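To keep things clear, I will list the structure first and then write my remarks on it.
The values are calculated or read from the model by the stated rules, or taken from the named source; none is laboratory data. A quick note: this is a predicted structure, and the numbers were derived from the prediction, not measured. As a convention, Cβ positions derive from the backbone with ideal geometry for all residues, glycine included, and neighbour counts pool all protein chains shown.
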Amino acid sequence: MYKSIALRKACCAIRKMEPLSRALADKDAWITGLRREQSGARAEVPLIDHSDLTKVKLNPLANWTWGDVWFYISENKVDYNPLHDQFYPSIGCAPCTRAISLGEDFRAGRWWWEDETAKECGLHVKASPLSTTES
Ligand code: SF4
């Protein structure tokens with residue numbers, strides 16, 4: 001996966017996309033924690049995504065900020081991954097996730113050897129104009 005984007009994406013396709021595809025095969029909708037603030041690639045994430053005509057994708061946290069998330073966690077005593085306390089703001093598979101340094105982008109620890117524009121595993125395809133973006 002470190003040798004080329006193609007190999008890394010093949011790994012993501014086998015380990016993430018294919019299992020998710022099977023899990024969602026008979027479902028009408030699914031829900032994610034995507035937030036627009038997470039990356040440039042997610043800046044247009046809609047609250048309700050109809051771009052896949054076979055199932056609706058709901059992104060209820062699309063408008064939430066990092067602060068909103070941590071305020072909610074604190075107020076509601078939600079369990080969270082302890083790696084977040086060790087400078088891992090974005091957590092994926094172990095071989096493809098590292099801690100970040102002060103000043104680095106929150107997603108800098110994901111696929112850090114790749115160009116910023118390639119940093120998606122493929123689970124979240126770009127929304128079409130059919131998507132609902134009002135808040
Ligand atoms: S994030 Fe890394 S280890 Fe995980 S599926 Fe993708 S390439 Fe493989």
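Quick check: is even one residue across the range 94-104 surrounded by fewer than 10 Cβ atoms within 10 Å (Cβ to Cβ) and not in a loop (DSSP other than H, G, I, E, B)?
Yes, the conditions are met somewhere in the range 94-104.
Which residue, of Lys57, Lys16, is surrounded by 13 or more Cβ atoms within 10 Å (Cβ to Cβ), within 14 Å of His124 (Cα to Cα) and within 16 Å of the ligand (Cβ to nearest atom)?
Lys16
Identify all residues within the range 1-38 that are part of a loop (DSSP other than H, G, I, E, B) and in contact (Cβ under 8 Å) with a residue 24 or more places away in the chain; write none if there are none.
Answer for the range 1-38, where residues must be part of a loop (DSSP other than H, G, I, E, B) and in contact (Cβ under 8 Å) with a residue 24 or more places away in the chain: Met1, Tyr2, Lys27, Asp28, Thr32, Gly33, Leu34, Arg35.
Considering only residues that are within 13 Å of Lys9 (Cβ to Cβ), hydrophobic (A, V, I, L, M, F, W, C) and touching a Ser or Thr at 6+ places or on another chain (Cβ under 8 Å), which ones fall in the range 97-121?
Once the filter is applied, which keeps residues that are within 13 Å of Lys9 (Cβ to Cβ), hydrophobic (A, V, I, L, M, F, W, C) and touching a Ser or Thr at 6+ places or on another chain (Cβ under 8 Å), the range 97-121 yields nothing.
Suppose we filter Ala41, Ala23, Ala10 for residues that are within 19 Å of Thr117 (Cβ to Cβ), within 16 Å of the ligand (Cβ to nearest atom), of a type outside the set (Ser, Thr, Tyr) and surrounded by fewer than 15 Cβ atoms within 10 Å (Cβ to Cβ); which single one remains? Spell out how you get there, then give the answer.
On the way: Ala41 fails: surrounded by fewer than 15 Cβ atoms within 10 Å (Cβ to Cβ); Ala23 fails: within 19 Å of Thr117 (Cβ to Cβ).
None of the others qualify; the one that does is Ala10.
Which residue, of Ser4, Ser51, Ser90, is surrounded by 13 or more Cβ atoms within 10 Å (Cβ to Cβ), within 14 Å of the ligand (Cβ to nearest atom) and not basic (Lys, Arg)?
Ser90
Which of the residues belonging to the range 39-81 are part of a helix (DSSP H, G or I) and of a type in the set (Asp, Glu)?
Asp68, Glu75
Answer yes if at least one residue in the range 70-83 is at pLDDT 95 or above, within 16 Å of the ligand (Cβ to nearest atom) and closer than 22 Å to Lys119 by Cα, and no otherwise.
Yes, the range 70-83 has at least one match.
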